């Protein structure tokens, strides 16, 4: 076994402390990654505090983190995709059944037997707990890691492994591209990636936000339009004009104004999961040939495609780099949306 | 002007009586159609009784009917698509602006200036009232009529002009075909067409119905499966198994069991418009990469494509042919779902 060190919580109080544990030895198809950066995703906070108890109850001690980049320092004898010194990424899952219709079509995140989540889960043996990227090392099957071809500073690449793929996947599925008007609801960790990726795909991007103070940022990120979503007049003026809108907001909100903002044949994709449902008339979809779609991260092939796309277009996340002793502060600020736009933990120097 | 005779109502009492009126003379791009058959669509009943007052208020006298087939008996000097003796069809609209992004892409039904509806509307001059297919003749621009290549009895072709295209369009848009499991919710006028068309596309079809008595019919129409939608156990067993479900029901109902019945990446398309909205959690879409779609009839090019598809595969509606003096009886029975599966008025012998 491989000794490593991470930062864990032991209960819902979300107090982090150093935690020594073991990773498995590097098997024939495994790679060992020295983790350099790990992003802080809002879902880390939900799980640490056991706020998603019904969906995925907290297992303590919990080492969160599923936006991971690092350097490959050892490869198993059967490994072909990586060599020592490569940069690798790990996202939200580290294994799956490999046999079901989802797994065999590159949609491992929708594995019929449920994928092995990167942390707060178990390996496919359903016994061995998984610990995440707030740690120094990860051992993973090479088929569940992705290659990072980026040069230079990697801190902005880490969030691509969750926030990047979560927004890329629906933009890609619905063929966003030049000549299209795209809306991004919410300018947070997910939203700021959606703006950058949609812009890189050639679309004309408008941000819908409740925060007037984010207009300048939206422009810097590549948006040409900015609409205060509480401004009923502005929302009415926007009705019928969008080809595609991605809704990244997890707080409860009425999605009907965004359905109205779609033009004929438009698509509203949800990647945020509010606790409360919405009230939707079928007629609001029928009268405009409109589509509502849900999307959850992405599979391994598409995650690789997204990383390559981002490398080609110079897209990374805007990050605030912190040392591990500031995780609790980062959590508090993330909850208050006081981050532009992702905290990333510097594990390289931890 | 061309003298013709139809059957009209003069108020919400839905009492029909013969009605003499005039169609315009055949212009350079017009064709004159001697109507042979006209289907009775449930939307005729809603409009006759002014039940859709807010959406499209009733204008009396009203001659309903937008599922029309007949013989071309005169063509304008500029007409190229039709010649005398051809069989032509007319659906839900008879003109549109021809210039907007919808019209120029063959989606005239979503005309930005609103298409001219076949009845209970006006021509694009927004003055001349339109009268529908419960009549002996129609004069229409050739670009808004479709060619019917069917042989023999045409009575089963008439309902294709609304019920056929309404179900064909979403089945086509979402690439229904061999190897796919397709659900049809509701076995009425729309539903029975959906079963036949999905089957002709090569899919394996299951009917969801509240009426156990319709199982034998479902099989005759081509369905291999039949699920009583009120049977919670059967619905639970069906969860996660469908690629595509088309919901044809206009009565209020909970659509969440159908969302649950979709497999990963599945699509639930709505073509019925219940008065009450549904309560939908974004998570129910996100956790399965699912899609909700609304669809309204179809444009002229797709309506032609549908007619050609149905002719090739021998698909027509199952109809009960009536004389015009039985329209009121047919309305009563349609409201009670006592028809298998479409009333069609014999205008040829009227």
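The values are calculated or read from the model by the stated rules, or taken from the named source; none is laboratory data. None of these values were measured; they are calculated from a predicted model. We place every Cβ from the backbone using ideal geometry, glycine too, and count neighbours over all the protein chains shown.
What the table shows:
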item: Filtered residue count, region B:269-285, keeping only those that are part of a loop (DSSP other than H, G, I, E, B) and surrounded by 19 or more Cβ atoms within 10 Å (Cβ to Cβ); result: 3
item: 2 or more residues in contact with a helix residue (DSSP H, G or I) (Cβ under 9 Å, 6 or more places away or on another chain) and either in contact (Cβ under 8 Å) with a residue 40 or more places away in the chain or not assigned by TED's automatic domain parsing to the domain that holds residue A:14 (or both): qualifying strands (runs of 3 or more DSSP E) within region A:83-183; result: A:87-90, A:93-95
item: Residue A:91 touching a strand residue (DSSP E or B) at 6+ places or on another chain (Cβ under 9 Å), surrounded by fewer than 15 Cβ atoms within 10 Å (Cβ to Cβ) and at pLDDT 95 or above; result: no
item: Test: residue in region B:97-120 that is more than 14 Å from chain A (Cβ to nearest Cβ) and more than 30 Å from residue B:9 (Cβ to Cβ); result: yes
item: Considering residues of region B:301-325 that are surrounded by 22 or more Cβ atoms within 10 Å (Cβ to Cβ) and in contact with a strand residue (DSSP E or B) (Cβ under 7 Å, 6 or more places away or on another chain) only, the residue nearest to residue B:147 (Cα to Cα); result: B:307
item: Filtered residues of region B:269-287 (kept if in contact with a helix residue (DSSP H, G or I) (Cβ under 9 Å, 6 or more places away or on another chain), farther than 29 Å from residue B:55 by Cα and at the interface with chain A (Cβ under 7 Å from one of its Cβ atoms)); result: B:285, B:287
item: Members of region A:288-302 found to be more than 7 Å from every other protein chain (Cβ to nearest Cβ) and either under 13 Å from residue A:255 (Cβ atoms) or under 14 Å from the mean Cα position of the chain (by Cα) (or both), listed by number; result: A:297, A:298, A:299, A:300, A:302
item: Selection status of residue A:344, in contact with a strand residue (DSSP E or B) (Cβ under 7 Å, 6 or more places away or on another chain), buried (at least 16 other Cβ atoms within 10 Å of the Cβ) and away from every other protein chain (no Cβ under 11 Å); result: yes
item: Complete set of residues in region A:218-237 that are surrounded by fewer than 22 Cβ atoms within 10 Å (Cβ to Cβ) and not in a loop (DSSP other than H, G, I, E, B); result: A:219, A:220, A:225, A:226, A:227, A:228, A:232, A:233, A:234, A:235, A:236, A:237
item: Answer residue from region B:254-268, given it is within 9 Å of chain A (Cβ to nearest Cβ) and within 24 Å of the chain's Cα centre (by Cα) and is farthest from residue B:204 (Cα to Cα) among those; result: B:255
item: Among residues of region A:62-82, those that are assigned to a loop (DSSP other than H, G, I, E, B), buried (at least 16 other Cβ atoms within 10 Å of the Cβ) and over 19 Å from the mean Cα position of the chain (by Cα), counted; result: 4
item: Qualifying residue in region B:320-335 (condition: without any contact (Cβ under 8 Å) to a residue 40 or more places away in the chain, within 14 Å of another protein chain (Cβ to nearest Cβ) and more than 30 Å from residue B:81 (Cβ to Cβ)); result: no
item: Set B:266, B:288, B:298: member being at pLDDT 95 or above, in a loop (DSSP other than H, G, I, E, B) and in contact with a strand residue (DSSP E or B) (Cβ under 6 Å, 6 or more places away or on another chain); result: B:288
item: Options B:223, B:234, B:251, B:238; residue that is more than 10 Å from chain A (Cβ to nearest Cβ) and either modelled with pLDDT under 95 or out of contact with any strand residue (DSSP E or B) (no Cβ under 9 Å at 6 or more places or on another chain) (or both); result: B:251
